[in-house]
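Working notes for the structure below.
The values are calculated or read from the model by the stated rules, or taken from the named source; none is laboratory data. None of the values given here were measured: they were computed from a predicted structure. Neighbour counts are summed over all protein chains in view; Cβ atoms, including those assigned to glycine, are modelled from backbone coordinates with ideal geometry.
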Amino acid sequence: MKQKIALIGCGRISFKHIEAFVALHDTVELVAVCDPILERAEEKKVEYTKSVPISSVKIFDDYKEMLVQCKPDIVTIATESGKHKDIAVHCLKNGSHVICEKPMALSTTDAQEMINTAKKHNKKLGVCFQNRFNAPVVKTRTALEKGRFGKMLHGMVQVRWNRNENYYEQAKWRGTWEQDGGTLMNQCTHGIDLLQWMMGEDAVRVQAQTRRFMRPIEAEDFGCAIIEFASGAVGIIEGTADVYPKNLNETLSLFGTNGSVVIGGLAVNKIETWRFADAEQIGDTEEKVLNPNEKDPPTVYGFGHTALFKDFVDAVVQDREPFVSGEKGKKALEIILAIYKSQKTGMPVDLPCDFSTLEMRGEFDA
């Protein structure tokens with residue numbers, strides 16, 4: 001039996017959700033799309049029905065009414081980040097499993113409430129960290145789990161993108177502390193998730209500097225941080241929305257005693273370095289792995305949403321945890337909030353910590 005699925009929020013990222021629904025139409029049926037601007041919801045309905053013409057998709061501007069009328073098994077949330085918690089909690093309480101776009105919330109308290117609500121009501125909660133499903137990332141994770149890196153020493157994520165004034169003009173909530181956060185929370189969260197996932201998922205301390213150099217927003221457009229992990233390994237973060245004149249790269253670099261990997265490209269989609277002590281022995285040399293003709297994806301969102309959604313649907317059917325659960329999604333959020341707290345206090349911040357973007361109001365006001 002197909003899972004009934006609904007989309008809440010029909011803005012910039014929602015086309016990736018529709019793309020996934022179409023690809024998974026044998027296992028899910030889109031029953032509703034919801035957005036306060038009905039024209040945007042209508043556009044998503046048209047996108048879907050062009051590829052899945054035998055369908056009946058209802059349009060709503062009120063997600064609570066949508067839940068009552070359609071009773072979807074699964075809801076995907078692609079609204080402003082500051083609205084994620086309230087929508088997710090309501091959906092979980094009213095019978096729907098939830099896939100939430102990143103970041104899952106803008107405070108550690110809200111994220112934990114989402115996790116607790118899912119557990120209380122026996123529902124699945126997943127977070128859209130789709131880059132975990134990128135082919136080079138999957139290959140690297142497999143090498144890590146086989147112990148090929150040896151002891152992890154340090155890693156780095158660089159997100160060198162451009163978000164110009166027009167980007168922020170398109171939606172006034174972007175770059176606000178109440179609904180979004182800055183470059184680290186919005187553009188860099190995927191890379192930060194990958195870094196902490198590969199380095200052990202056990203960050204213990206963060207120290208950081210952030211700036212609002214150029215963009216007409218409340219929050220930061222640049223940030224850098226050092227993360228200490230329980231193992232003693234060190235992570236380095238560099239993220240900016242100020243690269244001239246367009247997106248340059250998102251790169252994840254990992255270094256262990258027996259292995260070095262760099263995944264670059266526009267959005268961690270190309271293996272650029274692949275060196276392991278056992279490479280010759282198992283026939284996995286850098287020369288065999290590198291693909292100079294590999295192209296960047298058409299957008300920074302990559303190709304991972306469909307795989308992530310498929311895993312989530314399987315998790316619902318099999319009654320298991322999704323690959324990127326709420327607990328997993330919270331880890332990157334907590335690191336970013338610790339970065340903000342470090343900027344605000346001027347001090348290193350130990351994890352776990354309790355913080356909210358709202359506590360950053362006025363940080364960059366002269």
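Data table
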quantity: Pairs, first over 19 Å from ALA20 (Cβ atoms) in segment 313-329, second surrounded by 13 or more Cβ atoms within 10 Å (Cβ to Cβ) and basic (Lys, Arg), C-beta under 8 Å, six or more apart; calculated: GLU321/LYS124
quantity: Candidate set from segment 324-366 (those that are touching a Lys or Arg at 6+ places or on another chain (Cβ under 9 Å) and aromatic (Phe, Trp, Tyr)); member that is surrounded by the fewest Cβ atoms within 10 Å (Cβ to Cβ); calculated: PHE364
quantity: Matching residues, segment 222-253, being under 27 Å from PRO352 (Cβ atoms) and assigned to a loop (DSSP other than H, G, I, E, B); calculated: ALA230, SER231, GLY232, ALA233
quantity: Residue, surrounded by the most Cβ atoms within 10 Å (Cβ to Cβ), within segment 189-221, restricted to residues that are hydrophobic (A, V, I, L, M, F, W, C) and in a loop (DSSP other than H, G, I, E, B); calculated: ALA219
quantity: Test: residue in segment 247-257 that is assigned by TED's automatic domain parsing to the domain that holds MET199, more than 30 Å from PHE364 (Cα to Cα), under 21 Å from the mean Cα position of the chain (by Cα) and of a type in the set (S, T, N, Q); calculated: yes
quantity: Restricting segment 10-32 to residues that are charged (D, E, K, R) and buried (at least 17 other Cβ atoms within 10 Å of the Cβ), the residue that is nearest to GLY302 (Cα to Cα); calculated: LYS16
quantity: Search result, residues across segment 257-277 that are out of contact with any Lys or Arg (no Cβ under 6 Å at 6 or more places or on another chain) and not hydrophobic (A, V, I, L, M, F, W, C); calculated: ASN258, GLY265, ASN269, LYS270, GLU272, THR273, ARG275
